[in-house]
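Single-structure report; data block below.
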Amino acid sequence: MNRAFGDTERFERETVQHATAGFPLPNGTRVGIPLVRIFGQCPQPRVVIVAGVHGDELVGPRALVELAQELAPRDLHGTVVLVPSANPLAFAAGQRRAPEDDIDLNRIFPGKGGGSTTERIAHSLVTSAVGSADMIIDLHSAGREGDLVPLSGFREARTDCAHRSALAAAAFGLEHYWMMRWAPGTLSTWANQQGIPAVGCEVGGRGTATREQIDLYMAGVVRCLRHLGVLDPPLEVTLPPKVWTQEYLTAPCDGLLEVLVELGQDVASGETLACVRDLWGNVCGEITAPQDCKIMYTRTHQSVQTGENVFWLGREEDNPCYSSPSNT
């Protein structure tokens, strides 16, 4: 028994690799992006799970740190790469973007090796972590200024890659099944452009991570790995016929934001969702619902500037990847 235990212990140690994807800043300082590679019984499929693309989104990083302790190599039929903090400079600053250049990392993939700080981060992620993936899972939150309902989704398209992304998003199993608009520069869109299926998820916000939110992400990753055959038992998935899509509503003026609805609430066309007051208490602007919809995101930070996002409004549409109830 002791020898068997020793063999298992050695197998675990040799098949879990803690590493960094290093890159130099324009000033010559070298920065490392932490990652954990877990090598299972076979090399493929290779699933890369990324969190912390924005430094103030903490549910994903917390979930991946815990998953790194719980995923056992002997149980995996493939390779899992965990990137708990894809934007370490933004994480260190406790803000969405790296203060060195104030560029949104999730708008510039695949980045540039000799570019700005954030462009170099994107380039390092693509070349060192995600470029050879068979599937990418991108974990986000609303950040410190807002809150989101749980969403797991895929980028809109009518391709085989989109179909595989849509199946994996359904397997992830969050409360709202989401079709993200095509957005060049985002990690999931870049992945699809390379033919790599990708799932994009959102859970929580406010710059915090609750136990319930962490558990949602951990359970979703496990379901997705089961769907991909990386973990047992296998998970069969049927595509939902409907998807949620989003529309943004922004602040009409600067001032103090007064939100009049709750996250997840169904609202009617024409309903007043929020008002903005000046510092004398006068209402200087209102936000109303353009149609019947659901509140998917709400800004919680009560100081607002013109054009800043205040709400995501969700409405259901036909799933373009759906063909029949047996579509699996």
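Points to keep in mind about this one:
- A simple rule links phi to the HN-Hα coupling: the Karplus curve 6.51 cos²θ - 1.76 cosθ + 1.60 with θ = phi - 60°, which for region 46-62 gives 9, 10, 10, 10, 10, 9, x, 4, 10, x, 9, 10, 10, 5, x, x, 4 Hz, with x for Gly and Pro.
- Electrostatic tally near PRO197: other residues with Cβ closer than 10 Å to its Cβ, Lys and Arg +1, Asp and Glu -1, net 0.
- Sequence-separation-based contact order of region 194-320, relative, with Cα cut under 8 Å and 6+ spacing, percent: 26 percent
- Net charge of neighbours whose Cβ lies under 14 Å from the Cβ of ASP292, counting Lys and Arg as +1 and Asp and Glu as -1: -3
- Linear extension gain, ARG211 paired with THR238, 0.36 nm per residue minus alpha-carbon span: 6.9 nm
- Across region 91-104, rounded Karplus estimates of 3J(HN,Hα) from the backbone phi angles (6.51 cos²θ - 1.76 cosθ + 1.60, θ = phi - 60°) give 4, 4, 7, x, 9, 4, 10, 5, x, 4, 9, 6, 10, 6 Hz, Gly and Pro being marked x.
- From the coordinates of this entry, Cα extents along the principal axes in Å is computed, and it appears in (1) 89, 49, 46; (2) 74, 62, 36; (3) 75, 56, 37 under the label (3).
- Backbone phi angles across region 149-162, fed through the Karplus curve with coefficients 6.51, -1.76 and 1.60 (θ = phi - 60°), yield HN-Hα couplings of 6, x, 9, 10, x, 9, 7, 5, 4, 10, 10, 4, 4, 5 Hz in residue order; Gly and Pro are listed as x.
- Candidates per trypsin sites (Lys or Arg not before Pro) in region 88-164, loop by DSSP, up to 13 other Cβ within 10 Å: LYS112, ARG158
- Here the relative contact order of region 16-124, from alpha carbon pairs under 8 Å that lie six or more residues apart, stands at 28 percent.
- With contacts taken as Cα pairs under 8 Å at a separation of at least 6 residues, the chain carries a relative contact order of 15 percent.
- In this label model, HIS77 and TRP182 are separated by 3.4 nm, measuring between points 7 Å along each Cα→Cβ vector.
- In this structure the amide hydrogen of ASN319, modeled in the peptide plane, comes within under 5 Å of the amide hydrogens of LYS242, VAL243, none closer than 5 places in sequence on its chain.
- A 1.4 Å probe over all protein chains sorts LEU167, LEU256, LEU228 by accessible area into LEU256, LEU228, LEU167, starting with the largest.
- Label point distance in nm, ALA92-ASP266, each placed 7 Å from Cα along Cα→Cβ: 4.9 nm
- Put simply, the amide H of GLY40, placed in the peptide plane, has neighbours under 5 Å in GLY78, THR79, VAL80, leaving out anything fewer than 5 places away on its chain.
- Neighbour-limited loop hits for GluC sites (Glu not before Pro), region 125-210 (at most 15 other Cβ within 10 Å; DSSP other than H, G, I, E, B): GLU175
- Taken along the Cα-to-beta-carbon direction at a fixed 7 Å, the label points for ASN27 and LEU256 span 4.0 nm.
- Radius 9 Å from Cβ of ARG181, net charge of other residues (Lys, Arg +1; Asp, Glu -1): 0
- From largest to smallest, the equivalent ellipsoid semi-axes obtained for region 215-328 from the alpha-carbon gyration tensor read 39, 17, 10 Å.
- Once backbone amide H atoms are built at 1.01 Å from N, GLY285 has VAL276 as its partners under 5 Å, excluding neighbours fewer than 5 places away on the same chain.
The values are calculated or read from the model by the stated rules, or taken from the named source; none is laboratory data. Being a predicted model, the structure only gives us computed values, none of them experimental. Glycine gets a Cβ as well: all are built from the backbone with ideal geometry, and neighbour counts include every protein chain shown. The accessibility values were calculated without ligands, DNA or RNA, using every heavy atom of the protein model including side chains. Shrake-Rupley method; radii C 1.70, N 1.55, O 1.52, S 1.80 Å.
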